[in-house]
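K.L.:
Structure below; questions to follow.
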Amino acid sequence: MEDEYARRMAGYRGEQSVGYHLIPLLSKEFLVLYDLRMQKKSSFYQMDIQILTPAFFVVLEVKNMSGTLCFDQPFSQLIRTINGKEEAFACPIVQVKRQANYLENWASVYRIPVHSYVVISNPTTIIKSIPAYSDIVVKTVIHAAAVEEKITSLRTRYREPLMSPKELFKLSKKLKNLHVPDNPDLLSMFQIRRNELLTGVHCPSCSSIPMRKISGAWSCRKCGCLTKTAHLNTLDDYVLLLGTSITNRQVREFLQVSSTFSASKLLASLNLPHTGTYRNRAYLLPAPT
């Protein structure tokens, strides 16, 4: 789990780094979408960064990797060497070209040219290629600091707009509406049984668990923190781990609340939509923001 968390955080920080280089270009005619995940039949296309302009589109696949990266096109793989150890990954050039083709087909009515690049966000990373395929790598793989220059070059190349700013905005809104969030079953993903989860309300001050419910507030046994809202973060955990539907019994089990009345009062204070009769009522928790 720690390895997966580290991998995702590295990707997030890499996208932030690339986003910094896009700030000087932002305008009404230059829209940027992040982490858009779209479905085509049984396949999903997740694009780290999409840049939409009236004259061209760009898809960026961001890699926050250190060491030496060698793009081996004949075998469609990326080989990383770090601390004397080699690791193989799926080739991001193939991946980003597939994403660009999907976007181009999706917006084919506008006949907008779509360009794609693999962006290495770590400035110290060394980029190499199998010699016979170096031209492909040079044209497709760039460091984050080169993004602004690459986009500026495309603006010079494509001066004639193919859609109005209003059409561009509508298109971006349609793309966002097609976004399919990735909500994996974390317990299955990491082979964790439900009864292995530590229940109870986390202390927002020292993270100890569980807090005690005392006179409408939560009290921490360890640091003495007293708060009325600590249960909100724990209910967010419930959503991420177990789903959005929750009953009075499940509230009592997950928050370690002994009283049915206290659990009902807590749920009522959240003003949640619900289904079923009073005895079989299930409440719908919102997705964490």
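K.L.:
Being among the hydroxyl-bearing types (Ser, Thr, Tyr) and under 19 Å from the mean Cα position of the chain (by Cα) is the filter here; which residues of segment 15-52 pass it?
P.N.:
SER17, TYR20, TYR34, SER43, TYR45
K.L.:
For segment 128-159, enumerate the residues that are part of a strand (DSSP E or B) and either among the basic types (Lys, Arg) or within 25 Å of TYR45 (Cβ to Cβ) (or both).
P.N.:
Scanning segment 128-159 gives LYS128, VAL141, ILE142, HIS143.
Conditions (1) out of contact with any Gly (no Cβ under 6 Å at 6 or more places or on another chain); (2) open to solvent by less than 80 Å² (accessible area, probe 1.4 Å); (3) under 28 Å from LEU25 (Cβ atoms), marked per residue:
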site	(1), (2), (3)
GLN99	yes, yes, yes
VAL109	yes, no, yes
THR125	yes, yes, yes
LYS139	yes, no, yes
GLU148	yes, yes, yes
ILE151	yes, yes, yes
PHE169	yes, no, yes
HIS202	yes, yes, no
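K.L.:
Does segment 97-118 contain any residue that is part of a loop (DSSP other than H, G, I, E, B) and either farther than 24 Å from LEU168 by Cα or free of Cβ contacts under 8 Å to residues at least 24 places away in the same chain (or both)?
P.N.:
no
K.L.:
Which fully enclosed strands (runs of 3 or more DSSP E) of segment 21-68 have 1 or more residues being out of contact with any helix residue (DSSP H, G or I) (no Cβ under 9 Å at 6 or more places or on another chain), open to solvent by less than 40 Å² (accessible area, probe 1.4 Å) and touching a residue at least 40 places away in the same chain (Cβ under 8 Å)?
P.N.:
So the answer is 31-40.
K.L.:
Does segment 220-240 contain any residue that is at pLDDT below 95, on the phi > 0 side of the Ramachandran plot, within 26 Å of the chain's Cα centre (by Cα) and assigned to a loop (DSSP other than H, G, I, E, B)?
P.N.:
Scanning segment 220-240 turns up no residue that is at pLDDT below 95, on the phi > 0 side of the Ramachandran plot, within 26 Å of the chain's Cα centre (by Cα) and assigned to a loop (DSSP other than H, G, I, E, B).
K.L.:
Between residues in segment 265-281 that are open to solvent by less than 70 Å² (accessible area, probe 1.4 Å) and residues that are hydroxyl-bearing (Ser, Thr, Tyr) and modelled with pLDDT of 90 or more, which pairs lie under 6 Å by C-beta distance while being six or more apart or on different chains?
P.N.:
The qualifying pairs are LEU267/TYR283; LEU272/TYR283.
K.L.:
Mind checking whether some residue in segment 249-271 is in contact with a Cys (Cβ under 8 Å, 6 or more places away or on another chain) and assigned to a loop (DSSP other than H, G, I, E, B)?
P.N.:
No, segment 249-271 contains no residue that is in contact with a Cys (Cβ under 8 Å, 6 or more places away or on another chain) and assigned to a loop (DSSP other than H, G, I, E, B).
K.L.:
Would you tally the residues in segment 179-198 being assigned to a loop (DSSP other than H, G, I, E, B) and either touching a Lys or Arg at 6+ places or on another chain (Cβ under 9 Å) or open to solvent by less than 80 Å² (accessible area, probe 1.4 Å) (or both)?
P.N.:
The total comes to 8.
One line per residue, one yes/no per condition, for (1) closer than 27 Å to CYS206 by Cα; (2) not aliphatic (A, V, I, L, M):
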position: LEU235; (1), (2): yes, no
position: THR275; (1), (2): no, yes
position: ALA282; (1), (2): no, no
position: LEU285; (1), (2): yes, no
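K.L.:
Listed residues HIS231, HIS274; which is closer than 30 Å to ASP182 by Cα and touching a Lys or Arg at 6+ places or on another chain (Cβ under 6 Å)?
P.N.:
HIS274
K.L.:
With ALA287, ALA282, ALA230 as the choices, which residue is under 28 Å from ASP185 (Cβ atoms) and touching a Cys at 6+ places or on another chain (Cβ under 9 Å)?
P.N.:
After ruling out the rest, the residue left standing is ALA230.
K.L.:
Follow-up question, since we're still on this one. With the structure loaded, tell me whether GLY243 is modelled with pLDDT of 90 or more, touching a Leu at 6+ places or on another chain (Cβ under 9 Å) and surrounded by 14 or more Cβ atoms within 10 Å (Cβ to Cβ) or whether it fails that test.
P.N.:
So GLY243 does not fit the description; no.
The values are calculated or read from the model by the stated rules, or taken from the named source; none is laboratory data. None of the values given here were measured: they were computed from a predicted structure. Every residue, glycine as well, gets a Cβ built from its backbone with ideal geometry; the counts of neighbours run over all protein chains shown. Protein only, heavy atoms only, side chains kept; ligands, DNA and RNA dropped before computing areas. Shrake-Rupley method; radii C 1.70, N 1.55, O 1.52, S 1.80 Å.
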